[in-house]
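Trainee: Submitted below is the structure of interest, expressed as structure tokens.
The values are calculated or read from the model by the stated rules, or taken from the named source; none is laboratory data. Quick caveat: nothing in here was measured; it's all calculated off a predicted structure. Please note: Cβ atoms are built from the backbone with ideal geometry, for glycine as well, and neighbour counts cover all protein chains shown. To get the accessible areas, we keep the full protein, side chains included, count just its heavy atoms, and leave off ligands, DNA and RNA. Shrake-Rupley method; radii C 1.70, N 1.55, O 1.52, S 1.80 Å.
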Amino acid sequence: MAVVVRAGAAPMVWLGVLAAAVGLVPEGLTGRVIGLCGGAAAFLVAAAVVASVRTGRYRELERDATRAARGDILQDRAVTVRNWRRTHRWWLLVAFAAATASAFAVPAAGGLLLAGAGTGLWLKARALGRRETAAEKLLWVRADWVDGGRPAGAGVRGYRTTGPAAGDAAPGGARRR
């Protein structure tokens, strides 16, 4: 389940950093210093908001999680990440274009906002991983319940659990080493 949360973090962070770097080239309407200061504030706010939003729904589904049955469809980590990124590639492209275009008004702020959203997703996945480690079980969402890459969306009726050694993902959605 944390794999779905974490799937968008890396592309958002890297596209945000790239957009911020490109955004430093034009002087912009506000100047580079104000753009960087505003972007740093936007980064921190976005990371905090994204990391804390919908945590109640995650905890509710986690509390009511049941053991994975034989009929449950649980995907590999790589398949889940690939599906999420394929589904959201246009949104990522539009966000990158908007962050880059915003540099003509406020240099680097849009890119840092996008990177902050990705960092918030990563922080949320880390928090889920800490809870998985503490409970000594991995949380999964059935692949047929995840609609549009939302692991706590309306279509998700509950989480499934397995032992900590199951699958190819470590707690928090990282690649198992």
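Trainee: Sort out which residues of segment 139-157 are under 13 Å from I73 (Cα atoms) and of a type outside the set (A, V, I, L, M), and write them in order of number.
Mentor: Within segment 139-157, W140, R142, D144, W145 qualify.
Trainee: Which residue out of W122, W140 is touching a strand residue (DSSP E or B) at 6+ places or on another chain (Cβ under 6 Å) and within 28 Å of W14 (Cβ to Cβ)? Show your work before the answer.
Mentor: Details: W122 fails: touching a strand residue (DSSP E or B) at 6+ places or on another chain (Cβ under 6 Å).
Answer to the check: W140.
Trainee: Among the numbered criteria (1) open to solvent by less than 30 Å² (accessible area, probe 1.4 Å); (2) modelled with pLDDT under 90; (3) outside any loop (DSSP other than H, G, I, E, B), which one does G118 miss?
Mentor: So the condition that G118 fails would be (2).
Trainee: Name the residue that is nearest to the chain's Cα centre (by Cα), counting only residues in segment 57-67 that are open to solvent by less than 30 Å² (accessible area, probe 1.4 Å) and not aromatic (F, W, Y). Steps first, please.
Mentor: Restricting attention to segment 57-67, the residues satisfying the condition of being open to solvent by less than 30 Å² (accessible area, probe 1.4 Å) are 58, 61, 65.
This time we only want the ones that are not aromatic (F, W, Y), so: 61, 65.
Details: L61: 18, A65: 21 Å.
The extreme case among them is L61.
Trainee: If you don't mind, another one. I'd like to know if segment 47-63 contains one or more residues that are small (G, A, S) and in a loop (DSSP other than H, G, I, E, B).
Mentor: Our first condition is that a residue be small (G, A, S); within segment 47-63, this holds for 47-48, 51-52, 56.
So of that shortlist, the ones also in a loop (DSSP other than H, G, I, E, B) come out as none.
Within segment 47-63, none of the residues are small (G, A, S) and in a loop (DSSP other than H, G, I, E, B).
Trainee: If you don't mind, another one. Mind telling me which of the residues G35, G39 ends up being modelled with pLDDT of 90 or more and more than 22 Å from the chain's Cα centre (by Cα)? Explain how you work it out, then say what you get.
Mentor: Numbers: G39 fails: more than 22 Å from the chain's Cα centre (by Cα).
Residue meeting the stated conditions: G35.
Trainee: Could you tell me whether any residue of segment 144-167 is open to solvent by less than 30 Å² (accessible area, probe 1.4 Å), in a strand (DSSP E or B) and farther than 30 Å from I34 by Cβ?
Mentor: Yes: segment 144-167 contains one or more residues that are open to solvent by less than 30 Å² (accessible area, probe 1.4 Å), in a strand (DSSP E or B) and farther than 30 Å from I34 by Cβ.
Trainee: Which residue pairs have Cβ atoms closer than 7 Å, lie 6 or more positions apart in sequence or on different chains, and pair a first residue in segment 1-29 that is over 17 Å from L113 (Cα atoms) with a second residue that is among the polar types (S, T, N, Q)?
Mentor: V3/T80; V4/T80; A7/T80
Trainee: Within segment 143-177, track down each residue that is at pLDDT below 80 and of a type in the set (V, I, T).
Mentor: Within segment 143-177, just V146 meets the criteria.
Trainee: I need the full set of residues from segment 1-40 which are open to solvent by 20 Å² or more (accessible area, probe 1.4 Å), in a helix (DSSP H, G or I), over 27 Å from R150 (Cα atoms) and of a type in the set (G, A, S), in order please.
Mentor: A21, G38, A40 - these are the residues of segment 1-40 that are open to solvent by 20 Å² or more (accessible area, probe 1.4 Å), in a helix (DSSP H, G or I), over 27 Å from R150 (Cα atoms) and of a type in the set (G, A, S).
Trainee: Which pairs have Cβ atoms under 6 Å, sit 6 or more apart or on different chains, and link a residue in segment 104-128 that is at positive phi to one that is open to solvent by less than 30 Å² (accessible area, probe 1.4 Å)?
Mentor: These pairs meet every condition: A108/A20; A108/G23; A108/G35; A108/G39.
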